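Read the structure below first, then the notes.
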2 protein chains.
Amino acid sequence: MGRQKEFDREEALHKAMEVFWTRGYGASSIQDLVKHMSINRQSLYDTFGDKHALYLQALDRYREVESHKIIELLERPGSVKRNLRQLFETAIEKALSERRGCFMGNAMSELAGRCKDTAARTCGNMGAAHEAFYRALLRGKKEGELKRIRDARAVAHFLYSSLQGLVLTGKATQDRKTLKDIVTVTLSVID
Amino acid sequence: MGRQKEFDREEALHKAMEVFWTRGYGASSIQDLVKHMSINRQSLYDTFGDKHALYLQALDRYREVESHKIIELLERPGSVKRNLRQLFETAIEKALSERRGCFMGNAMSELAGRCKDTAARTCGNMGAAHEAFYRALLRGKKEGELKRIRDARAVAHFLYSSLQGLVLTGKATQDRKTLKDIVTVTLSVID
DNA sequence: TCCGTTCTTGACTGTTCGTTCCAGAAAGGG
DNA sequence: CCCTTTCTGGAACGAACAGTCAAGAACGGA
């Protein structure tokens, strides 16, 4: 059946995701990608199609990896408030250490307005995150921790939007207090 | 003193701002800019310097025009709550009709992490908006409309971040209800 | 009127972009 | 062993990129 691939497809895709995540679509050249993926130019085209197709696959991979992290965190047993607080505080720490934001948020900003494929993926990812928030809120209500919440779907939308706003703000300022203020007020709506 | 310019500098800069706002920095070519600004290539370089310098001037112009709109709206006499509601509802309408988001938000996402000049401008703009929110909240407190607010600076940071999150979310989804949900919950913190 | 300055124009630079082609090396199946 | 398939590396493609140059047109001042 011919020669085997010398590189691991998933590993290469992961590297591509990191390049696109860090630099965005337009600012990532094939040169950059080839270098960081440690594969040959031709192998890239043979395996992933063209640049745009690779980008979409990287978005899909991000969703698999990062979204599942969020879902997993929100589904941890115990206090829903504590889980939410931890999610937002982790976001602050990442905003202060890395500066690349959220790959989905970056994709929304750069391409979702012009590219349907990207819009579909960012929208789908938002839907998945929304469901995770929603389920967590429902559980919090059922367990009596979140008595004040009326429209859980609305609050879930709000939380996702707030998280994106927080991460975006973290690109402009490195001031920890500003980011903590945002989280404090955000979480006050589920207090 | 030689020949006069055949174009209006401010008008050309305004056009450049619209191109950068709509397409972002990387995806705007000098070709695009020249075309939409209706000036010659050389005039662009003579008048504004290179592409990057033009971008920064476009950011400055955006701040002058758009930030002042926000400040003006928030300083209107009468109910602070009403003013804030109108600001957020206008943001929804713009998100649904145009798809270009907020130029400052776009700049944060695309460049603030890599370019100090851009970071300084987005940060400065955030500071100005923060002050506008803060003054509005203080007035609301003084006039007895916003009794529940304790840390007005924190709420001001929150409102700016939420606005950015809302606008970004509007790039992924065109669903009006989702956006209205976000605004409803956001404004519940100043209720 | 003529000079000097500045603006306009379009051709042109060298570079980088995404993508493809090709020749050859490597490996599995018969 | 040979055949087929696949991967590799480098060269090459045309297009698009940001930025520059030189020549001339238009205007203000003397």
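Here, each number is a calculation from the coordinates, and none is a lab measurement. As the structure is a prediction and not an experimental result, all values here were calculated from the model. Don't worry about glycine lacking a Cβ; one is built from the backbone with ideal geometry, like all the others, and counts go over all protein chains shown.
Starting from a label point 7 Å past Cα on the Cβ side, list the distances from A:GLY49 to the same position in the other copies, nm, shortest first.
Inter-copy label distances (nm, one decimal, shortest first): 4.1.
I want to verify a result. In a Gaussian network model of chain A, Cα cutoff 10 Å, which of these has the top mean-square fluctuation: A:GLY105, A:GLY49, A:GLY170?
A:GLY49
What is the mean number of Cβ atoms from other protein chains located within 10 Å of the Cβ atom of each residue in peptide B:17-30, rounded to a whole number?
The mean count of partner-chain Cβ atoms within 10 Å per residue comes to 2.
With θ set to phi - 60° and the Karplus curve 6.51 cos²θ - 1.76 cosθ + 1.60, what are the ³J(HN,Hα) couplings of region A:109-126 in order, to the nearest whole Hz, using x for Gly and Pro?
Once θ is set to phi - 60°, the couplings for region A:109-126 become 5, 7, 10, 4, x, 10, 10, 5, 4, 5, 4, 4, 6, 5, 5, x, 5, 4 Hz.
What list do you get for A:TYR134, A:TYR55 if you sort them by fewest beta carbons within 10 Å?
A:TYR134, A:TYR55
Show me, for region B:77-83, the HN-Hα J-couplings you get by feeding each phi into the Karplus relation (A = 6.51, B = -1.76, C = 1.60, θ = phi - 60°), rounded to Hz, glycine and proline as x.
x, x, 5, 5, 4, 4, 4
Does region B:54-112 come out rounded, prolate or oblate by the C-alpha gyration tensor, with a ≥ b ≥ c the root eigenvalues, rounded set by a/c under 1.5 and, if not, prolate when a/b is larger than b/c and oblate if not?
oblate
Hey, which residue of A has the C-beta nearest the axis mapping A onto B, and what's the distance in Å?
Closest to the axis: A:GLY165, 1.
Mind checking the mean number of beta-carbon atoms from other chains within 10 Å of the Cβ atoms in B:180-189?
Averaged over the peptide's residues, the number is 6.
Let me make sure I get this right: for region B:1-72, a, b and c are the square roots of the gyration tensor eigenvalues over alpha carbons, sorted descending. Under 1.5 in a/c it's rounded, otherwise prolate if a/b > b/c, else oblate. Which is it?
Since a/c reaches 1.5 but b/c is at least a/b, the shape of region B:1-72 is classed as oblate.
What shape does region B:104-185 take by its C-alpha gyration tensor, where a ≥ b ≥ c are the square roots of the eigenvalues and a/c under 1.5 counts as rounded, a/b above b/c as prolate, and the rest as oblate? Intermediate results must be reported in sequence, preceding the final value.
Working: a/c = 3.47, a/b = 1.26, b/c = 2.75.
Cα axes put region B:104-185 in the oblate bin.
Counting only other residues whose beta carbon sits under 10 Å from that of B:ALA154, what net charge do I get with K and R as +1, D and E as -1?
Net local charge, B:ALA154 excluded: +2.
For chain A, just list the percent of Cα-Cα distances falling in each 5 Å bin from zero outward, please.
Whole-percent P(r) values from 0 Å outward: 1, 7, 15, 17, 17, 14, 11, 8, 5, 3, 1, 0, 0.
How many nanometers, to one decimal and shortest first, lie between the label point of B:GLU10 and those of its other copies, if labels sit 7 Å from Cα toward Cβ?
6.0
Sequence gap at least 6, Cα distance under 8 Å: using those rules, report the relative contact order of chain B to the nearest whole percent. Each step should come with its number before you reach the end.
Numbers: 176 pairs, mean separation 43.1, N = 191.
Reported as a whole number, the value is 23 percent.
If you line up the Cα atoms of the protein assembly as shown on their principal axes, what length do they span on each, largest first, in Å?
Between the extreme Cα coordinates on each principal axis of the protein assembly as shown lie 77, 58, 33 Å.
Within 10 Å of each Cβ of B:112-124, how many other protein chain Cβ atoms are there on average?
On the way: counts 7, 11, 7, 0, 0, 0, 2, 5, 1, 1, 5, 7, 1.
Per residue, the average neighbour count from other chains is 4.
What's the local net charge at B:ASP191, with K and R +1, D and E -1, over the other residues with C-beta under 10 Å away?
So the surrounding residues net to +2.
Could you give the size of the charge dipole of region A:21-139 about its Cα centre, using +1 on the Cβ of each K and R and -1 on the Cβ of each D and E, expressed in debye and rounded to the nearest 20?
It comes to approximately 300 debye.
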